[in-house]
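Take a look at the structure below.
The values are calculated or read from the model by the stated rules, or taken from the named source; none is laboratory data. Computed from a prediction, not measured in an experiment: that's the story for all the values here. All Cβ positions, glycine included, derive from the backbone under ideal geometry; neighbour counts span all protein chains shown. All accessible areas refer to the heavy atoms of the entire protein, side chains included, with ligands and DNA or RNA removed. Shrake-Rupley method; radii C 1.70, N 1.55, O 1.52, S 1.80 Å.
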Amino acid sequence: MAAPTIKPDITSDSTQAPVAARSGTGDTISRVLHARPKLRLAGLLALPLAWLGVLYIGSLILLFVTAFWTTDTFTSKVVPAFTLENFVEIVTVPAYQLTALRTIGIALAVTVLCAVLALPLGLYMAKVASPRMRAMLAIGITLPLWAGYLVKVFSWRITFMSGGPLDWLLAPFGLTGPGYGTAALIITLAYLWFPYMAVPVYSAFRQIPDNLFDASSDLGAKPWATVRTVAVPLLKPAFIAGSIFTFSLSLGDYIAAQFVGGKTQVIGTVIASNINLNPPLAAAFGTVPIVVVVLYLFLARKSGALKQL
Amino acid sequence: MRLSRSAKITLRIFAAAVMAAIYLPLLLVIVNSFNATTSGAFPITDFTTRWWEAAFTNEGVREALWTSLRVATVATVIALLLGAMIAFALSRYEFFGKNTVNLLVVLPIALPGIVTGVALNNTFKTVLEPLGIGLGLFSVIVGHATFCIVMVFNNVQARLGRMNRGLEEAAMDMGANVIRAFFTVTLPGFKSAFLAGGLLAFALSFDEIVVTTFTAPPGTETLPIWIFNNMARPNQAPVVNVIAAVLVLLSMIPVYLSQRMTGDDRK
């Protein structure tokens, strides 16, 4: 395309007569701007691009570069060099390997838990509940998003405390709560990110016409078979859209791990504990969530679900 | 769908259980803030308002709250300015690399917070500290503003897409210059979206912890950092509990307001 791609109409000069009549500085600036859409665009973009393009992207690139640097073991100073040592360390040291895999496993478990809870809830809200109940539940699932992140982590810290509410609740059944650990961490993360899964699944459920379900049962399918063969395939994009949030948010989280995870270490724990002692290793570890999230997004895009976002 | 009675009841019980799991922990925070013992043992036997008094006179909490408010305010102002500028650029102009700019705005919120935090920490320490700009309140604000921009951008861009550009042209045809047309016609048109985006940005900044831990120097505490630092200390835990309870109660305000504004849900 040879023509300039600037959209606004620059030929309209209807403003010129009145402007010429009483010309102030504002009018002069205005005239200059009006005649030059490229200048206006540059003016609009200069500051944001300096911030996001230079400062932010620059920082991400520098982070990636730092990952190839090394730390002087005596002075703890970062030494610019080129070494794959940090990455080799992540891949070969069993503790790091395990941490990376564990974190991905936790993020997947959180995603599955959210999806499993969102499906029946969405079914109830969209197809069984009265309109009033539906509206209340819709507010009910999004409301906790306003309560602070740490507040929610804290609430589960109280819940899982040994001798705390969960233990008390389970005591009559002869059970005790899981205590702080991986199970508590998965439940807490699922709690934190549940709205991101529940909302898209519920809205997708609402969009499925009732007669599809009727047709399915007319053909003899039991309700569960209908859900499995009719609803779930139609809900797939919603599940994937929700899973992007539940997965990626769980992957980067380490605060919850610190307060309800007991001794469970995640990628974030390793980054946080190395950021001052060994920045290059922290940087190398920081690339792990980026790579995993990008891979996940790529897979999601291939399935065509991103267009639903 | 034709569901049996028992299936419907099962689903109803399930929905009730999910709601209970969502709200009981939050309720627990409020109730537990009156728990006289610090061990967190349940059920609560002794109730006290001692922790509430302690929280209201706590210096650390006040300072942290003040820091949080300052950071969130400045970060929101930056986000409002930059977010609106990008929204205008993207919705009114066609240019090369438009999609890239769009991705650029969303990236800080799409990548895990820890990545943004570590990247900025690294830049401040290796590049900016030698230039005299080390970690401080400024770096916290930079970090917050970076992921707040998208909140304003999303809101303003959505509104601009629905606005009638003819009104602006009409104003200019009638003699208003670009600046005047902007303030009298364009700005009133997107003001509510602009403010809503600002509110979201403020809330996001006020609640942020991960980016803050990496961009704040030791000793600088926002409210979430204060909670973070004190949650595991047994003698401070009751005060943390009170702050958490206050935050739970405060979070009901926007919901109450939106309920009031829509109002007719009950009919």
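So, B:Val31, is that one open to solvent by 30 Å² or more (accessible area, probe 1.4 Å), within 28 Å of the chain's Cα centre (by Cα) and modelled with pLDDT of 95 or more or not?
Values: open to solvent by 30 Å² or more (accessible area, probe 1.4 Å): yes; within 28 Å of the chain's Cα centre (by Cα): yes; modelled with pLDDT of 95 or more: no.
So B:Val31 fails the test.
Do you know which residues across the stretch B:148-189 are without any contact (Cβ under 8 Å) to a residue 40 or more places away in the chain and of a type in the set (Phe, Trp, Tyr)?
If the condition is that a residue be without any contact (Cβ under 8 Å) to a residue 40 or more places away in the chain and of a type in the set (Phe, Trp, Tyr), then B:Phe182, B:Phe183 are the ones that fit.
For B:Val140, work out the one condition from (1) among the β-branched types (Val, Ile, Thr); (2) surrounded by fewer than 24 Cβ atoms within 10 Å (Cβ to Cβ); (3) under 27 Å from B:Ala196 (Cβ atoms) it doesn't fulfil.
Status for B:Val140: all satisfied but (2).
Right, B:Gly60: more than 9 Å from chain A (Cβ to nearest Cβ) and closer than 16 Å to A:Leu45 by Cβ or not?
For B:Gly60, the condition - more than 9 Å from chain A (Cβ to nearest Cβ) and closer than 16 Å to A:Leu45 by Cβ - is not met.
What pairs can you find where one residue is in the stretch B:82-95 and more than 7 Å from chain A (Cβ to nearest Cβ) and surrounded by fewer than 21 Cβ atoms within 10 Å (Cβ to Cβ), the other is modelled with pLDDT of 90 or more and outside any helix (DSSP H, G or I), and their Cβ atoms are less than 6 Å apart, with a gap of 6+ or different chains?
none
Residue by residue, here is whether (1) surrounded by fewer than 19 Cβ atoms within 10 Å (Cβ to Cβ); (2) under 15 Å from the mean Cα position of the chain (by Cα) holds:
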| position | (1), (2) |
| --- | --- |
| B:Ser192 | yes, no |
| B:Ala196 | yes, yes |
| B:Leu199 | yes, yes |
| B:Thr220 | yes, no |
| B:Ile227 | no, no |
| B:Pro238 | no, no |
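Among (1) in contact with a Pro (Cβ under 8 Å, 6 or more places away or on another chain); (2) open to solvent by 50 Å² or more (accessible area, probe 1.4 Å), where does A:Pro209 come up short?
For A:Pro209, the failing item is (1).
Take the stretch A:252-268 and flag every residue that is surrounded by fewer than 24 Cβ atoms within 10 Å (Cβ to Cβ) and either more than 10 Å from chain B (Cβ to nearest Cβ) or more than 20 Å from the chain's Cα centre (by Cα) (or both).
A:Phe259, A:Gly262, A:Lys263, A:Thr264, A:Gln265
Only one of these is assigned to a helix (DSSP H, G or I), more than 10 Å from every other protein chain (Cβ to nearest Cβ) and either surrounded by fewer than 19 Cβ atoms within 10 Å (Cβ to Cβ) or touching a Phe, Trp or Tyr at 6+ places or on another chain (Cβ under 8 Å) (or both): B:Val152, B:Val127. Name it.
B:Val152
Residues in the stretch A:135-158: is at least one in contact with a Gly (Cβ under 8 Å, 6 or more places away or on another chain), facing chain B (nearest Cβ under 7 Å) and either open to solvent by less than 30 Å² (accessible area, probe 1.4 Å) or at pLDDT 90 or above (or both)?
Within the stretch A:135-158, one or more residues are in contact with a Gly (Cβ under 8 Å, 6 or more places away or on another chain), facing chain B (nearest Cβ under 7 Å) and either open to solvent by less than 30 Å² (accessible area, probe 1.4 Å) or at pLDDT 90 or above (or both).
Among the residues of the stretch A:109-117, are any facing another protein chain (nearest Cβ under 10 Å) and open to solvent by less than 60 Å² (accessible area, probe 1.4 Å)?
Yes, that holds for at least one residue.
Tell me which residues, restricted to the stretch A:175-213, are farther than 19 Å from A:Pro131 by Cα and outside any helix (DSSP H, G or I).
Passing the criteria: A:Leu175, A:Thr176, A:Gly177, A:Pro178, A:Gly179, A:Tyr180, A:Gly181.
Can you spot a residue in the stretch B:59-69 that is under 30 Å from A:Ile244 (Cα atoms), in a helix (DSSP H, G or I), without any contact (Cβ under 8 Å) to a residue 60 or more places away in the chain and open to solvent by 30 Å² or more (accessible area, probe 1.4 Å)? Spell out how you get there, then give the answer.
Just the residues of the stretch B:59-69 that are under 30 Å from A:Ile244 (Cα atoms), to begin with: B:68.
Going one step further and asking which of them are in a helix (DSSP H, G or I), we end up with B:68.
Filter again for without any contact (Cβ under 8 Å) to a residue 60 or more places away in the chain, leaving none.
No, that holds for no residue.
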